[in-house]
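Since the structure comes first, as structure tokens, the remarks are kept for the end.
The values are calculated or read from the model by the stated rules, or taken from the named source; none is laboratory data. Just so it is clear, the model here is predicted, and its values are computed rather than measured. Quick reminder, even Gly has a Cβ in these numbers, built from the backbone with ideal geometry, and neighbours come from all protein chains shown.
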Amino acid sequence: MLSEIHRWRDEGSRVAIARVVTTDGSAPRDPGATMVVREDGTVAGSVSGGCVEGAVVAESLAVLETGTPRLVSFGYSDDDAFAVGLTCGGVIGIFVAPEVPAVFGALEDALRADVPVALATVIATRPDGEDAGGPTDADGLTYRPDSPDADLPRRPIELGASLLVRADGSTVGTLGHPSLDRSVRRDALGALSAGHAATRNYGLAGEARADEVEVFLDPFVAPPRMIIFGAVDFTAALSRIAKVLGFSVTVCDARATFATRERFPMADAVVVDWPQRYLESVGAELGPRDAVCVLTHDAKFDVPAIVAAVRTRAGYIGAMGSRRTHADRLERLREAGLGEADLERVMAPIGLDLGARTPEEVAVAIVAEIIARQTGHGQTSLRDLDGPIHRRDDVASTATR
């Protein structure tokens, strides 16, 4: 939507920004979903998939008239939810601002340069928040004179105030108080690491157990990475499905004959290199949202790859192979110096217990396991079972398809 915002502003039009900041029930869109409304009613983006868009546009035009930001709630019925593919209704909280954030230029520069940043925005202030007490400002917000920054110049805490936090900890803008900026900066870095938007409450000077200022933390991060070792048929299927789920996919294999762009057109990158050497060059960049999938099931490739992978912060490490193959691999990994805590990180045999057999089915089982691990849902992984991976009833059902 950057292009629309630029074009409309260059034409002299005012724009309102509406963002989903809270959800309750079956929300059509996640926090961070954004709609931009031009003063003539032209719209870009979406906050609800259709069920409350009209009401949000009307609210945005009203905010443009008053010039005052607002945090508003929109409820949608079961019928509305069904129309956009949900099973039941709920409530979404939307913060509507009559202008772009004060740090918009820095945000735009970061997005164009693919630099991870988090945008922190004040979406509510509560003069009578929890633990409030002591002198109050002209704007009615409690101010604690025992704050370490009490004697520093400060600005009022205003709705829509914004702070941009980069991954290196540097910031642009202010929410109105140095201590509040520091507290929000800490939580914004956490949101960047997790890759999920969140709301947090603070005191006026950043106190953690207070409820005077509500801040929405909206991370803008690169897509999660999936590194697949082994240029095999299963890799082609996994790269296709991972791309649908929004991963940036790299296929790596030391064999130049197999690791070609023609064989893996859906991958973002195809690298000819030994797994451990490639991870030495990129491993420091991996985080909890990223995945490493070792599909070689060949000891000379997968043992060095797993040893290198467990030294990274990758949130998921999976390895293909039968239970017998993995039992042998575990001994080799122990000989290579991995401890039991390291081995516990390795999901092998890889994937959920779905009875998968074809490359495409195995790919679904792998990405399903990644999702389950990330969300904390207790689905049954093949690693946690005993006996054959492929059972006779799986073979029979496949034969009758």
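Of the residues Ala291, Ala254, the single one that is crowded, with 23+ Cβ neighbours inside 10 Å and assigned by TED's automatic domain parsing to the domain that holds Leu333 is Ala291.
When segment 322-339 is examined, which residues are found to be in contact with a helix residue (DSSP H, G or I) (Cβ under 8 Å, 6 or more places away or on another chain) and either surrounded by fewer than 21 Cβ atoms within 10 Å (Cβ to Cβ) or modelled with pLDDT under 95 (or both)?
From segment 322-339, those in contact with a helix residue (DSSP H, G or I) (Cβ under 8 Å, 6 or more places away or on another chain) are 328-330, 332-334, 336-338; that's our starting set.
Of everything in segment 322-339, those that are in contact with a helix residue (DSSP H, G or I) (Cβ under 8 Å, 6 or more places away or on another chain) and either surrounded by fewer than 21 Cβ atoms within 10 Å (Cβ to Cβ) or modelled with pLDDT under 95 (or both) turn out to be Asp328, Arg329, Leu330, Arg332, Arg334, Ala336, Gly337, Leu338.
Can you say whether Ala319 is free of Cβ contacts under 8 Å to residues at least 40 places away in the same chain and surrounded by 15 or more Cβ atoms within 10 Å (Cβ to Cβ), as far as the supplied structure shows? For Ala319, the condition - free of Cβ contacts under 8 Å to residues at least 40 places away in the same chain and surrounded by 15 or more Cβ atoms within 10 Å (Cβ to Cβ) - is met. On inspection, Ala120 qualifies as surrounded by 20 or more Cβ atoms within 10 Å (Cβ to Cβ), at pLDDT 55 or above and assigned by TED's automatic domain parsing to the domain that holds Leu192.
Would you say Glu262 is in the same structural domain as Leu333 (by TED's automatic domain parsing), part of a loop (DSSP other than H, G, I, E, B) and out of contact with any Phe, Trp or Tyr (no Cβ under 7 Å at 6 or more places or on another chain)? Considered against the rule, which asks whether it is in the same structural domain as Leu333 (by TED's automatic domain parsing), part of a loop (DSSP other than H, G, I, E, B) and out of contact with any Phe, Trp or Tyr (no Cβ under 7 Å at 6 or more places or on another chain), Glu262 comes out as yes. Within the option set Val292, Val271, Val282, Val251, being of a type outside the set (Lys, Arg), assigned to a strand (DSSP E or B) and in contact (Cβ under 8 Å) with a residue 40 or more places away in the chain holds for one residue only, Val292. Whether any residue in segment 210-220 is assigned to a helix (DSSP H, G or I) and under 30 Å from Asp109 (Cβ atoms) is what I want to check. No: segment 210-220 contains no residue that is assigned to a helix (DSSP H, G or I) and under 30 Å from Asp109 (Cβ atoms). Condition check for Ala205 on (1) of a type in the set (Gly, Ala, Ser); (2) touching a helix residue (DSSP H, G or I) at 6+ places or on another chain (Cβ under 8 Å); (3) part of a loop (DSSP other than H, G, I, E, B); (4) closer than 26 Å to Ala372 by Cα: one failure, at (4). Residues that are within 17 Å of Ile123 (Cα to Cα) and under 15 Å from the mean Cα position of the chain (by Cα) were ranked within segment 192-212; the one that is surrounded by the most Cβ atoms within 10 Å (Cβ to Cβ) is Ala197.
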